[in-house]
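Take a look at the structure set out below.
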Amino acid sequence: MEDSNHCANPTLCELSEPTRRQWLTQALQWSALAWLPVSGCASLPGAGPGHPRLGFVGIAPSRADALAVPPGYSAQVLAAWGEPVGMALAMPAFREDASNSAADQALQLGMHHDGIQYFALDGSHHGLLVMNHEYTDDGLLHPGGMSPWTLEKVRKSQAAHGISVIEVRRHGQQWQMVRPSAYARRITANTPCTLRGPAAGHALLQTAADPQGHSVLGTLNNCACGKTPWGTYLSGEENFRFYFAGGARPNADQQRWGITPEAWFRWPEHDPRFDATLHPNEFHRFGWIVEVDPMDPGSVPVKRTALGRGAHEGAWVATTRTQRAVVYTGEDARFEYLYKFVSRDAIAPARSGLTLAQANHALLDHGTLYVARFGADGSGEWLALVHGQGPLTARHGFADQGEVLVKTRQASDLLGATKMDRPEWLAIDQDQHQVFCALTNNSARGQPGQPDVDAANPRRNNVMGQVIRWQEDGDFDSTRFEWNTLVLAGDPGGARAEARGKVRGDAFACPDGLMFDPRGVLWIQTDVGASDLNQGEFSRLGNNQMLACDPATGEVRRFLSGPVNCEVTGAALTPDGSTLFVNIQHPGEPPSERSDASDPQRFSRWPHGGRPRSATVAIRRDDGGTIGT
């Protein structure tokens, strides 16, 4: 787990105050808090007076190697790793012995599904699913695992990364992939991507293969995602440092980004562009938000440098009353930061000859990037990351705005931004101008040389995590906000006080994925590591899960439990709310995070009784009604 921020900026923990932070306690009187009104979203059945938001029977924790959902619901495995995405005349079938070639994998769904979005072609029964593939388990991906380690295996691993676009259609209660499909697409670690925005062409992004600094091969470690109002998909490049070898003496910039002497994925042994001692600027070409137009399979993915560089979990978009786009991002790393970008221009309408996406192809190239600073009194401010303002000058190592964006972390250090506890997914309540963020955990808290505990984080070795929220002052483009804690995760029956948390309803740990549905329910997904699941302080919590939280009452209810050692991640609803797509990532993951190639089924055989495979599942009510009601 990355822990590269050694600057003296305060942490969220150090800014806490009992009267401002202990929100979810005792009777949870949320309605008494004037700045947090109940969401007005009521476009689907089951919302409003007399209609409780959580209309399903919560399920018990499970340790089974199976997917569990409430009574009255059914879950269908729809799209597993290795299934052909549906490109015409190029649909190689998955081979159970992992003998598919790199060329095959480039035409198949990638490994370790993560963020997912639904784009309608014909309402709620026919559309596109776009999903990320975060990383690979090379012990599971290849016959023999990494022994021997070859160029062909590197290429297959690269082909299993990135993004997939598939077409899906519902027939009755069952969903099917449409194959062949004119929309089917794979974007891998070797797909050409364009750099746009203020850092495009910068000297720090120029390489021998791309002396102009405008074109990058590939995207990788794609984690969470967002969907823009103009119909595109935003993918976050997260832990890109694991792909680069930094050598024995990484420079100060590389150290700030946590580069290590050797690469965990061992790509540099056969692909020298990932050897940072040979090609140091290639390292700067990852860590961006990537925009994809799923409706145009011939379009080139764009890395949007104006949104800043980081170990991005993902990106989520709000709109101001004047129709400007506001993009929230965070870094899933200990003591890193939260950001937002406000576009200069308003979202343009579709016009003659241009789709809505095409009309806004440059919207995210112009605007202002901010980093968050949380105040001890419950207030907060957004600090502009603009060259020439404050310390962001050549004297402090920033020659221009491009360098500010390439070195977003260092710029945020200088501005005094607040260190956060691994910001993962965010969720936006557009109507109430509120934003929620999952801080999944931080076991370093209270350890020697690390920040100590306080009222907001009263737990040393904080393995359980929490969810925070803030209200923007007036509109999403404001530079001021008010913040508080929504819930401290944990097991209230645990022996250690620091791990009990404060949850009203079903207990959980390590919040990760977040999603608001149109009825105002906040869905929470969890990611307890395979080395901790069902052991020690996690022994009573079961496998990773998906829960629903009613913001009006504070109640949390368990909706789904995943198979052994999986992460439950990524969620997308059809427009009518009748189908929920969820990604089940790395079922059967070993504690080492890399499978033993001689025994790939040691921990799980989900979903088809053989080699464990990440997969998208489609969940429906048996009567076809709205999910969660």
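The values are calculated or read from the model by the stated rules, or taken from the named source; none is laboratory data. Predicted model, so just to flag it, every value in this text is computed and none were measured. A quick note on method: Cβ atoms are made from the backbone with ideal geometry, for glycine too, and the neighbour counts reach across all protein chains shown. In case anyone asks, the SASA skips ligands and DNA or RNA and just uses the protein heavy atoms, side chains included. Shrake-Rupley method; radii C 1.70, N 1.55, O 1.52, S 1.80 Å.
Annotations
So that you can scan it fast, the table gives a plain yes or no per residue for (1) modelled with pLDDT under 90; (2) on the phi < 0 side of the Ramachandran plot; (3) open to solvent by 10 Å² or more (accessible area, probe 1.4 Å); (4) not in a strand (DSSP E or B):
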| site | (1), (2), (3), (4) |
| --- | --- |
| Arg459 | yes, yes, no, yes |
| Ile468 | no, yes, no, no |
| Phe476 | no, yes, no, yes |
| Ala495 | no, yes, yes, yes |
| Asp512 | no, yes, no, no |
| Met515 | no, yes, yes, no |
| Gly520 | no, no, no, yes |
| Trp523 | no, yes, no, no |
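- Pick from the range 286-296, criterion more than 19 Å from Thr408 (Cα to Cα) and in a loop (DSSP other than H, G, I, E, B), ranking: least open to solvent (accessible area, probe 1.4 Å): Pro294
- Residue pairs whose Cβ atoms lie under 8 Å apart, sitting 6 or more positions apart in sequence or on different chains, and linking a residue in the range 168-196 that is under 22 Å from Gly123 (Cβ atoms) and assigned to a loop (DSSP other than H, G, I, E, B) to a partner that is open to solvent by less than 30 Å² (accessible area, probe 1.4 Å) and basic (Lys, Arg), are Gln173/Arg620.
- Count of residues meeting criterion [outside any strand (DSSP E or B) and either under 21 Å from Cys225 (Cα atoms) or open to solvent by less than 50 Å² (accessible area, probe 1.4 Å) (or both)] in the range 272-285: 8
- The set of residues in the range 198-244 that are in a strand (DSSP E or B), open to solvent by 10 Å² or more (accessible area, probe 1.4 Å) and over 30 Å from Phe516 (Cα atoms) comprises Ser215, Leu217.
- Near pairs, Cβ below 8 angstrom, 6+ apart or cross-chain, from the range 63-75 (farther than 10 Å from Ile619 by Cβ and surrounded by fewer than 17 Cβ atoms within 10 Å (Cβ to Cβ)) to any residue that is polar (S, T, N, Q) and at pLDDT 95 or above: Arg63/Asn534; Arg63/Asn543; Ala64/Asn543; Ala64/Ser561
- Pair list, Cβ under 6 Å, 6 or more apart: the range 88-109 residue of a type in the set (Asp, Glu), other residue open to solvent by less than 70 Å² (accessible area, probe 1.4 Å): Glu96/Gly610; Glu96/Arg611; Asp104/Pro92
- Residues that are exposed (fewer than 14 other Cβ atoms within 10 Å of the Cβ) and either at positive phi or basic (Lys, Arg) (or both) within the range 78-93 comprise just one, Leu89.
- Of all residues assigned to the range 412-425, none qualifies as being of a type in the set (S, T, N, Q) and open to solvent by 10 Å² or more (accessible area, probe 1.4 Å).
- Subset of the range 549-597 that is aliphatic (A, V, I, L, M) and in a loop (DSSP other than H, G, I, E, B) - its residue that is modelled with the lowest pLDDT: Ala552
- Residues of the range 327-347 satisfying the condition of being touching a residue at least 40 places away in the same chain (Cβ under 8 Å) and more than 30 Å from Phe242 (Cβ to Cβ): Val342, Ile347
- Residues of the range 297-327 that turn out to be open to solvent by 10 Å² or more (accessible area, probe 1.4 Å) and at positive phi, as a count: 1
- Glu96 being buried (at least 21 other Cβ atoms within 10 Å of the Cβ) and more than 30 Å from Asp622 (Cβ to Cβ): no
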